[in-house]
Structure formats: C-alpha cells, structure tokens
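Novice: Here it is, the structure, as structure tokens.
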Amino acid sequence: MTTSDPTQNSDPNRRDFIHIFSIAATAVGSAAVVWPLVHQMNPDASVLALSTKEVDLSAVEVGQAIKVFWQGKPVFIRKRTPAEIEAAEATPLSALVDDNARNANLQSGAEASDNARTTSADGKATPEWLVLVGVCTHLGCIPLGTSSGENKGDYGGWFCPCHGSHYDTAGRIRKGPAPENLAVPPFEFVSDTVVRIG
Ligand code: FES
C-alpha cells in the first residue's frame, strides 16, 4: 500500500498554480503593509499649509517693505521704487562680491543679474517685487532696512549691524564680511497682489 504526501502534488499544472497563487498572495500582503506606510508619508493638507505661505501685498506701497515669517525664517518683501530697480539693473556683475543669483527658483549657478534675483517659480521676473530670506549670510543676523526709518546701508538695500554687511536694492552683498547674497526663496504670484512663498 502506498501513502501519499498531501503536500506533494505530482500534477505539474496544479503545482504551478499553487506556486503562483502563493507568490500573488504574498505580494498582495506586502502591498497591504506598504500602503499605510506610503500613505502616512504623504504630507497632509496641514503640513502643506505650513510649508507654504500666501501673503496679501495689496496694502504695500511703492518704497515699502514688509517682513513675514515662513518656515520659521524672516522673509523680506519689498515693493521697489523705480530708482531702486534702476540702481539694481545698472550694477554690473563685475561689481558684485557674489555673482550667483542664489535664487531657489532658478538653476544653481545662475548669474546675479537683477532680473534673475526677481524671477519667480513660474520663470517670470517681477522687478517691482523683491522677495528675500532675511537672514544675513555672514552669521545669521536679521538685517535692517525693512521697516521705515531703518538704516538701509550704503547701497540702499539692507544693512546688517552685527558686523557691518551692506546689501543693495536686489539684496546682493556689496560690502562687509557676508560672503553671499541674501537668498531668494521659492515664490510665485498667485494673483496680482498675492504671493505664495514656499
Ligand atoms: S551676521 Fe551680518 S554681518 Fe555678521
């Protein structure tokens, strides 16, 4: 009398089916475990809201600047006068300490022309508006020049009193120990008067 092992199946078609079925079941099981993990890793709306900030600029007049906070950092937004724009545009790259645009909306290495300093995420330059991370690139102080009456430095932009760094009307370092231009954060105008940072 012969006994048969139920785990051994001599029918090749049935054996293949069991094999494929067990692989598929394992794959589905793995996917079921992975999905909640992937889902957890997707930022929800509240996280996205924290990573971007929309600012209504309708009350900002020509020549004024405001300071807002984005991701814990100060951001300066200045509505530049025609004279400030002209001064920034007329400055040759050879006069700059740092000729890198430092603009998160452009490829790294872009030149620090005034046009490049005011280019937003959609590739448009907005000469009237300058958007900058307000952190001195020397040792991280917050430069003056945003509130009215504050010292704007020798180049009419911002002045960092900590060690005497002067930035021009495009936020480019012109004098003092700071090694880099003030950074331009990711930004884009979502309407004529509302800018989204981040
Ligand atoms: S931190 Fe601004 S000049 Fe030193």
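What follows is calculated from the coordinates using simple rules that are stated; it is not laboratory data. This one's a predicted model, so the numbers in the text were calculated from it and none came from an experiment. Virtual Cβ from ideal backbone geometry, glycine too; neighbours counted across all protein chains shown.
Novice: Ranking request for peptides 106-115, 174-183: highest mean number of other beta-carbon atoms within 10 Å first, then the rest in descending order.
Specialist: In decreasing order of mean packing, 106-115, 174-183 become 174-183, 106-115.
Novice: Sticking with this structure for a sec: Ranked highest first by the average count of other Cβ atoms within 10 Å around their residues, in what order do 56-62, 98-104, 189-195 fall?
Specialist: 98-104, 189-195, 56-62
Novice: Using 7 Å Cα-to-Cβ label points, what is the N115/A83 separation (nm, one decimal)?
Specialist: Once both label points are built, they end up 2.6 nm from each other.
Novice: When only C-alpha pairs under 8 Å and at least 6 residues apart count, what is the relative contact order of region 49-197, in percent?
Specialist: RCO, region 49-197: 26 percent.
Novice: At q = 0.25, 0.30 Å⁻¹, what is the log10 ratio I(q)/I(0) for region 82-131, with the Debye formula run over Cα points and no solvent?
Specialist: At q = 0.25, 0.30 Å⁻¹ the computed log10 ratios are -0.96, -1.21.
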